[in-house]
């Protein structure tokens, strides 16, 4: 690691400490109460959301925001959200269906992305598996 | 309904309406995709937490409910989570790799408790050690979900002032209109195939239940038996045969003889009355809970009858709208290894109050890694709760705070005691049937 310009290492910083992109996707994230930002991960109950984006991707390359796009970002946030339970060992769609059956109201846009992928011809099958698939 | 012609009395056996409710224990659609047990714990926590959250307002309405990560030092609150009991004497597969031969003795009797055991409460956000005299670790095990009231101390522990278990689940009313006595017979631990099995003793049981024993009065009693439940360990296949190696021809008989012998007895039984047979830890069934029904091909004779029902372990069924839930003993035996109670019945009571049949699964009791459910959760309190393969016959009528009434039955191993249990469906009264061949 070279002389400490850590900000330069991260080419892009998260704007709101973890809230997903303030575009159409965030409007459908239902739980926007004070203690439950859709920030995912270990921020349940914590006063501030300290989120770093998941850096290493399945290919092993350092994972920067541009390389996997908004859809994958939204899917990863869904993976990391503790409210819906552990993500390892279950497919994303299965986990979404399980969360819906439990009455947790998982965000609809995630399901749309996954269903859209299933029917699309350029479906990338790795998007159905959780973030940590093959890594843990 | 005796025909009063001289010497020609035909007694008809009573009937009860039977409904098998084992569906949630049967492994049908589940596919193993490499998942671990975090999912079953998540489902358990989620389900039990919603039950506890409906009870907390009646318990301590003015306290906030926090997550573990949201604890603030000194602030009194309630947290809900899964208990983990740290036990230093619990055997761990890593012990064989540890460099020091530490305090763990080589042979420990039935129990792994020690005075150092402590409890930790865990939810999705984190875990916290529970301190204070209110929760005695000896009465708890890993895997139960409770609510605790207290506050975080400066050491980072949570000092418990009070705790709440879910308590007995709501119970469907038992039908009260039956005026006639109908009996259900329970037996377990037949162990056909071992030296402990006494064929004459079991034949006495078979003859009594089928009505081939005794005079008309005795037969009248037998005609009131509407169901027989065999709660596990009906045969004993030596565990060496489970290793997966090919069985030498000279050993074939050791494998098939017990099964054939049991089938002969079972055929006599199913010809006379409905029989439910459950697998146990020594039966040729899968190891982890829920054990799947013993395959029909094992019982060439008995499976031809429609009165023969091979069931899962745990087993849930209904007879004349009376709810029965029972196991072959593994759940209670595991509690016995990791906690303390004055008798087995007390362990059974605890599982009902924790609303979970096998809380130590999957921690120390093998179980299937379910992803979307925990089938051992007790959503509705049964009327009869039985456990097989215990040391002795014990029974208690448990009364719940919401007018629940449960008959708890500990069924002893028949090969050792010669005791079977009879339950009267009309009033849930229970008595032992003892068979002896010692004159």
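Please treat every number below as a calculation from the coordinates, not as lab data. Given the structure is predicted, the values throughout are model-derived calculations rather than measurements. Neighbour counts are summed over all protein chains in view; Cβ atoms, including those assigned to glycine, are modelled from backbone coordinates with ideal geometry.
Relative to the longest principal axis of the Cα atoms of chain B, helix B:199-210 runs at roughly 80 degrees.
May I ask for log10 I(q)/I(0) of the range B:136-275 at q = 0.17 Å⁻¹, from a Debye sum over the Cα atoms as equal point scatterers with solvent left out? Relative scattering, expressed as log10 I(q)/I(0), comes to -0.98.
Expressed as an acute angle from 0 to 90° and rounded to the nearest 10, what is the orientation of the C-alpha long axis of helix B:344-353 relative to the principal long axis of chain B? The angle comes out near 60 degrees.
At 20 °C and 1.002 mPa s, grab the translational diffusion coefficient of the range B:318-401 from Stokes-Einstein with a Kirkwood Rh over Cα pairs, rounded to a whole number in µm² per second. Write out the running numbers ahead of the final one.
Details: Rh = 13.7 Å.
Stokes-Einstein gives a translational diffusion coefficient of 157 µm²/s.
Using only alpha carbons, build the gyration tensor for the range A:72-119 and give me the equivalent ellipsoid semi-axes, biggest first, whole Å.
For the range A:72-119, the semi-axes come out at 15, 12, 10 Å.
The range B:217-246 and the range B:157-198 have Cα centres lying 18 Å from one another. Once the gyration tensor of the Cα atoms in chain B is diagonalised, the equivalent ellipsoid follows with semi-axes of 42, 27, 19 Å, ordered largest first. Residues B:82, B:67, ranked from the fewest to the most other C-beta atoms within 10 Å, line up as B:67, B:82.
Within the range B:327-374, the proportion of C-alpha pairs whose separation exceeds 18 Å stands at 26%.
Let me check against my output: what whole-number percent is the relative contact order of chain B, with C-alpha pairs under 8 Å and at least 6 apart?
After rounding, I find 20 percent.
Considering only B:268, B:36, B:330, the mean-square fluctuation computed in a Gaussian network model of chain B, springs between alpha carbons under 10 angstrom, is largest for B:36. From the helices alone, meaning DSSP H stretches of at least four residues, give me the mean residue ellipticity at 222 nm for chain B, per-run term -39500 (n - 2.57), in deg cm²/dmol to the nearest 500. Result for chain B: -6000 deg cm²/dmol, rounded to the nearest 500. With a ≥ b ≥ c the root eigenvalues of the C-alpha gyration tensor of the range B:275-353, is it rounded (a/c under 1.5), prolate (a/b larger than b/c) or oblate? Taking the square roots of the gyration eigenvalues as a ≥ b ≥ c, the range B:275-353 is oblate. On a 0 to 90° scale, report how tilted helix B:38-59 is relative to the longest principal axis of chain B, with both axes built from alpha carbons and the result rounded to the nearest 10. In chain B, helix B:38-59 runs at an angle near 80 degrees to the longest axis. Cβ crowding within 10 Å, taken as a proxy for footprinting-reagent exposure, orders B:116, B:320 from fewest neighbours to most as B:116, B:320. For the range B:69-216, the equivalent ellipsoid derived from the alpha-carbon gyration tensor has semi-axes of 47, 29, 11 Å in decreasing order.
For the range B:198-275, the orientation-averaged shadow of the C-alpha convex hull comes to 6.2 nm² (one quarter of the hull surface). With neighbour counts taken as other beta-carbon atoms within 10 Å, the residues A:97, A:72 rank, fewest first, as A:97, A:72.
Give the shape of the range B:170-241 as rounded, prolate or oblate, defined through the alpha-carbon gyration tensor: a ≥ b ≥ c are the square roots of its eigenvalues, a/c under 1.5 means rounded, and otherwise the shape is prolate if a/b is larger than b/c and oblate if not. Cα axes put the range B:170-241 in the oblate bin.
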